[in-house]
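The values are calculated or read from the model by the stated rules, or taken from the named source; none is laboratory data. Remember, it's a predicted structure, so these values are computed and weren't measured experimentally. Cβ sites come from the backbone with ideal geometry, for glycine too, and all protein chains shown count toward neighbours. Only protein heavy atoms, including side chains, enter the accessible area calculation; ligands, DNA and RNA are left aside. Shrake-Rupley method; radii C 1.70, N 1.55, O 1.52, S 1.80 Å.
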Amino acid sequence: MRDFAKLPLFLKELRLATMKSLWEPFSKQAIEENWSHVGYLANLCEHEIQARLQNKLKRNLKQAQLPAGKALSTFDFSHAPNLNKAKIQDLAENTTWVNNKENLLIFGPSGVGKTHLAAAIAYGMIERGIRVLFTSTTALVQKLQVARQQLCLPQTLAKLDLYQVLILDDIGYVRKDGAETHALFELIAHRYESGSLIVTANQPFSEWDSIFADITMTVAAIDRLVHHATIIEIAAESYRRTHSLQNI
Ligand code: ADP
Ligand code: MG
């Protein structure tokens, strides 16, 4: 069999899809532009690596389930003047806090951009190869509660370890009289110093006794969350309200 016929079969067998689609046009270009053999091969490999990185990014972005369109570039910092823009940009561009298993806690009233900021920072992490999962706290703890009843909570928690960043949106919607409050506490205890959490909350810590079963559990949960954490408080008018009023 001639090399021309064999090469695409070999590249397919080796699962080098990008090289398989590029070897032929690149070989023509190599002749025209006098590339060395090594240069030709290096060029093909580089394109294969780039394509794999792009595919990984796409996969991770899809898995993360971030709300769409919440980028840092579309966040209007003039609406939340108390925020330290440089610090937030650093959190979105620098993976140190994730590598150190630190948390990010975002507080503020409804509509001030907590979810938007959480998603934007997480997007920056995904671009840098970090795996993220965005979820509403109530939806996640309901799943954990079911796992608890089926005696497979440890395995379910271990699956979440795949994600270096777990976003618990609206933690305050969990109610202490619900069975889920225990699952939430176990999640926080499990992630402590082993993986980062981004938590958004409408209520300050002083009102977290409505989330956890008793004062001991409330204090223990807050202790674990804040031990290695950056706290962002957004003091602003509801963006939704301001912008709907402007449109009247
Ligand atoms: P929260 O989670 O604090 O309740 P959201 O992040 O859901 O608020 O924000 C409500 C809406 O307003 C979203 O569509 C969000 O994109 C937008 N928004 C909030 N704050 C800003 C801001 N500073 N710049 C641009 N859009 C914003
Ligand atoms: Mg929100």
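Details
- Verdict on Ala92 being modelled with pLDDT under 95 and either touching a strand residue (DSSP E or B) at 6+ places or on another chain (Cβ under 8 Å) or of a type in the set (A, V, I, L, M) (or both): no
- Considering residues of the stretch 105-163 that are among the basic types (Lys, Arg) and either in a loop (DSSP other than H, G, I, E, B) or under 17 Å from the mean Cα position of the chain (by Cα) (or both) only, the residue nearest to ligand 1 (Cβ to nearest atom): Lys114
- Considered as a group, the residues in the stretch 28-48 that are exposed (fewer than 11 other Cβ atoms within 10 Å of the Cβ) and not charged (D, E, K, R) include one that is nearest to Arg131 (Cα to Cα), and that residue is Val38.
- Under the condition of being within 16 Å of ligand 2 (Cβ to nearest atom) and open to solvent by less than 80 Å² (accessible area, probe 1.4 Å), the residues counted in the stretch 212-234 number 2.
- Picking from residues in the stretch 58-106 that are out of contact with any Lys or Arg (no Cβ under 9 Å at 6 or more places or on another chain) and hydroxyl-bearing (Ser, Thr, Tyr), the one that is nearest to Tyr239 (Cα to Cα) is Ser78.
- Test: Ala42 is over 24 Å from Ser136 (Cα atoms) and in contact (Cβ under 8 Å) with a residue 12 or more places away in the chain: no
- So Pro25, is it exposed (fewer than 11 other Cβ atoms within 10 Å of the Cβ) and in contact (Cβ under 8 Å) with a residue 40 or more places away in the chain: no
- Annotation note: of Ile126, Ile106, the sole residue that is within 16 Å of ligand 2 (Cβ to nearest atom), open to solvent by less than 10 Å² (accessible area, probe 1.4 Å) and either among the hydrophobic types (A, V, I, L, M, F, W, C) or assigned by TED's automatic domain parsing to the domain that holds Ile171 (or both) is Ile106.
- Residues located in the stretch 169-208, provided they are open to solvent by 10 Å² or more (accessible area, probe 1.4 Å) and assigned to a helix (DSSP H, G or I): Tyr173, Glu180, His182, Phe185, Glu186, Ala189, His190, Phe205, Ser206, Glu207
- Unique match (being under 22 Å from Leu91 (Cβ atoms) and either within 16 Å of ligand 1 (Cβ to nearest atom) or in contact (Cβ under 8 Å) with a residue 12 or more places away in the chain (or both)) among Ser196, Ser238, Ser210: Ser196
- Evaluation of Leu166 against the conditions (1) part of a strand (DSSP E or B); (2) touching a Lys or Arg at 6+ places or on another chain (Cβ under 9 Å); (3) surrounded by fewer than 21 Cβ atoms within 10 Å (Cβ to Cβ) shows that the sole unmet condition is (3).
- Count - residues of the stretch 78-102 that are on the phi < 0 side of the Ramachandran plot and surrounded by 15 or more Cβ atoms within 10 Å (Cβ to Cβ): 12
- Helices (runs of 4 or more DSSP H) wholly inside the stretch 1-83 containing at least 1 residues that are among the hydroxyl-bearing types (Ser, Thr, Tyr) and not assigned by TED's automatic domain parsing to the domain that holds Leu162: 17-33, 37-64
- Yes/no for Asp223 being more than 25 Å from Ala64 (Cα to Cα), under 25 Å from the mean Cα position of the chain (by Cα) and assigned to a helix (DSSP H, G or I): yes
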